[in-house]
Amino acid sequence: KQDGAMPPQEDGGYHPGKDIAYALGTRPDVLAVGGIFGIFGAISNTLLGSLVATAVAFDTIAFTVFFSALVHRIVFGYSLFGSPGGSGYFDMTPFENGEEVAADGGSEVMRPAVEPWLPHQYKWGNVAFIGLVAGLLGGFLVITTGSMFLGFGISAASLTFLNLGVEKIPVTHHMTLPASAGASALVADPTGSSQVVAILIAAVFGMAGALVGEAGQRVFYAHGDTHVDPPAFAIFVCTLLIGILGVAGVTQRALFVPF
């Protein structure tokens, strides 16, 4: 928070604790904090991986990313959920109206009262539609290649353009992965005679990933002062749902979820 450890911020910008693309230099204390949380994440994921092998399978990497973000809020004294603007955590109208509040962390600047994770991707209808499209892509790639992860890889690669400054690139990796995973788990042979069913299931899970991610960003990200990753939350929840369906005997075949 001090002496250049946080990115500079102009009036009206997002809280600097959300600028995860900003390099923080070589200060020993900054590097130590990053290293400690990196070790914490690695240990947490390893422990979770050993547990889910005998229980409900879910994407432990996604859960660790989400959980560690909540832990750092507690450790450094930030509010776990933030103070909701407007009528509650799901209300984005303060952002649309240009309302501002004083930034936390000792910064004498103003920031938006509500900070949507992606200003171009937060309206429910738009999010549902891009989830449908991404889900169809994930399902198509499963039935044509048999890969559960190719859709995720394409979505992740598209983030390169967003980080290079191309505005309004849709973020979809939390849609294509649940879509492909759902189709792979719930259809015995998605590359065979059940392709239409696989595509439909993928579309449903693609929309689920999109909407769960949006709900997560509204509750955990938009009103807080640090970054909590909405895609990680969505992938964790959707893969957990697939794992629960597996325990219930709904899935048609064993599903590998990375941990």
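The values are calculated or read from the model by the stated rules, or taken from the named source; none is laboratory data. Being a predicted model, the structure only gives us computed values, none of them experimental. Counting neighbours? That spans all protein chains shown, and the Cβs are built from the backbone with ideal geometry, glycine included. Just so you know, the surface numbers come from the protein's heavy atoms only, side chains and all, with ligands and any DNA or RNA stripped out. Shrake-Rupley method; radii C 1.70, N 1.55, O 1.52, S 1.80 Å.
Say whether the condition of being at pLDDT 85 or above, outside any helix (DSSP H, G or I) and within 29 Å of residue 164 (Cα to Cα) is met by at least one residue in the range 29-41. The answer is no; no qualifying residue exists.
Whether a residue is small (Gly, Ala, Ser) and open to solvent by 10 Å² or more (accessible area, probe 1.4 Å) was assessed, and residue 193 passes this test.
Evaluating residue 11 against the criteria (1) at pLDDT 80 or above; (2) open to solvent by 30 Å² or more (accessible area, probe 1.4 Å) leaves one unmet condition, (1). Residues in the range 49-88 that are under 17 Å from residue 15 (Cα atoms), open to solvent by 20 Å² or more (accessible area, probe 1.4 Å) and not hydrophobic (A, V, I, L, M, F, W, C): 72, 77, 78, 79, 83, 84. Among the residues of the range 215-234, write down those that are within 9 Å of the chain's Cα centre (by Cα) and not polar (S, T, N, Q). Within the range 215-234, 216, 228, 229, 230, 231, 232, 233, 234 qualify. The residue that is farthest from the chain's Cα centre (by Cα), counting only those in the range 141-155 that are at pLDDT 95 or above and open to solvent by 40 Å² or more (accessible area, probe 1.4 Å), is 150.
Before we move on, is residue 90 modelled with pLDDT under 95 and either of a type outside the set (D, E, K, R) or in a loop (DSSP other than H, G, I, E, B) (or both)? No; evaluated as a whole, the condition is false for this residue.
Within the range 208-233, the set of residues being of a type in the set (A, V, I, L, M), out of contact with any Cys (no Cβ under 7 Å at 6 or more places or on another chain) and within 15 Å of residue 121 (Cα to Cα) comprises 210, 211, 215, 222.
Among residues of the range 197-217 being more than 13 Å from residue 133 (Cα to Cα) and open to solvent by less than 30 Å² (accessible area, probe 1.4 Å), the one that is modelled with the lowest pLDDT is 198. In summary, residue 179 fulfils each of the numbered conditions (1) in a helix (DSSP H, G or I); (2) in contact (Cβ under 8 Å) with a residue 60 or more places away in the chain; (3) of a type in the set (A, V, I, L, M, F, W, C) with the single exception of condition (2). When restricted to residues that are in contact (Cβ under 8 Å) with a residue 24 or more places away in the chain and either closer than 18 Å to residue 242 by Cβ or open to solvent by less than 70 Å² (accessible area, probe 1.4 Å) (or both), the range 20-39 contains 2.
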